[in-house]
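For reference, the structure is listed below as structure tokens.
The values are calculated or read from the model by the stated rules, or taken from the named source; none is laboratory data. In this text, all values refer to a predicted model and were calculated from it rather than measured experimentally. Counting neighbours? That spans all protein chains shown, and the Cβs are built from the backbone with ideal geometry, glycine included.
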Amino acid sequence: MSKIRLMLVDDHEVVRLGMRAAFELEPDILIVGEASNGAEAVAKVGVLAPQVILMDVRMEKMSGIEACREIKSLTPQVNILMITSYTDDRAALASALAGASGYLLKNVSRAELLKAIRLVATGVSLLDTSRKQQAIRLATTGLSSRPGEDLTEREREVLALVTRGNTNKQIAEQLSLSEKTARNHVSHILEKLGLSRRSEAAAYAVEHNLIPPRQNQEHN
């Protein structure tokens with residue numbers, strides 16, 4: 001029996017270990033490798049030749065959505081199943097635009113996740129036509145009309161500090177946050193803006209005037 005070649009991509013090692021444990025005893029699934037971020041996944045996909053990639057949405061260095069877009073442009077035959085801990089319609093729509101075959105929450109049952117993997121392996125898309133049409137419509141209208149409109153006040157503060165060249169540690173110190181919380185804020189900002197790098201976020205913030213006036217003045 002031909003096995004489904006599965007690649008696991010998540011920036012948390014414990015999560016990858018859990019997924020591996022959930023799948024490796026399945027007779028029709030072969031785990032061909034792992035990656036800890038989107039950039040690593042893009043680099044490895046040509047060597048590992050997976051049939052299906054199970055990929056986290058939120059990761060540093062390169063988000064799952066950006067990695068999905070790049071992988072699909074390089075190897076369109078690979079089927080990508082996005083998985084996340086957060087309910088986020090924008091991320092789901094961005095995943096559809098990037099070429100993902102599905103978008104699931106991490107609290108899905110093992111049986112449902114296995115079913116999804118087996119379905120996308122056959123080329124079936126779990127993203128219905130209405131979702132794809134909505135993604136295209138929002139990408140060409142609503143999402144681009146008011147840049148950064150869904151950033152929280154705290155995320156705007158973090159973005160201003162990113163624009164000024166601060167590291168996650170420096171952001172944490174200035175805003176009295178843990179470094180992990182600062183890192184999560186940066187990751188959420190990149191995902192909401194549809195970007196993959198801090199430098200891109202900084203340029204975007206200046207271009208679209210997303211920095212609070214006082215901080216913008218300091219930056220200049």
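The table for this structure:
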item: Residue that is surrounded by the fewest Cβ atoms within 10 Å (Cβ to Cβ) [pool: residues in segment 1-14 that are farther than 19 Å from Glu66 by Cβ and under 22 Å from the mean Cα position of the chain (by Cα)]; result: Val14
item: Qualifying positions in segment 9-24 - in a loop (DSSP other than H, G, I, E, B) and out of contact with any helix residue (DSSP H, G or I) (no Cβ under 8 Å at 6 or more places or on another chain); result: Asp11, His12, Glu24
item: Tally of residues being surrounded by 14 or more Cβ atoms within 10 Å (Cβ to Cβ) and under 22 Å from the mean Cα position of the chain (by Cα) across segment 174-186; result: 7
item: Count of segment 30-61 residues which are part of a helix (DSSP H, G or I), of a type in the set (D, E, K, R) and farther than 16 Å from Asn79 by Cα; result: 1
item: Residues of segment 174-204 satisfying the condition of being touching a Leu at 6+ places or on another chain (Cβ under 7 Å) and closer than 18 Å to Glu66 by Cβ; result: Ile189, Lys192, Ser196, Ala201, Tyr204
item: Residue satisfying condition, being buried (at least 19 other Cβ atoms within 10 Å of the Cβ), within 19 Å of Asp56 (Cβ to Cβ) and either out of contact with any Phe, Trp or Tyr (no Cβ under 9 Å at 6 or more places or on another chain) or modelled with pLDDT of 85 or more (or both), within set Ile189, Ile171; result: Ile189
item: Inter-residue pairs, beta-carbon under 6 Å, first assigned by TED's automatic domain parsing to the domain that holds Glu191 and under 15 Å from Leu193 (Cα atoms) and in segment 152-169, second in a helix (DSSP H, G or I) and among the aliphatic types (A, V, I, L, M), 6+ apart; result: Glu155/Ile189; Val158/Ile171; Leu159/Ile189; Leu159/Ala205; Val162/Ala201; Val162/Ala202; Thr163/Ala202; Thr163/Ala205
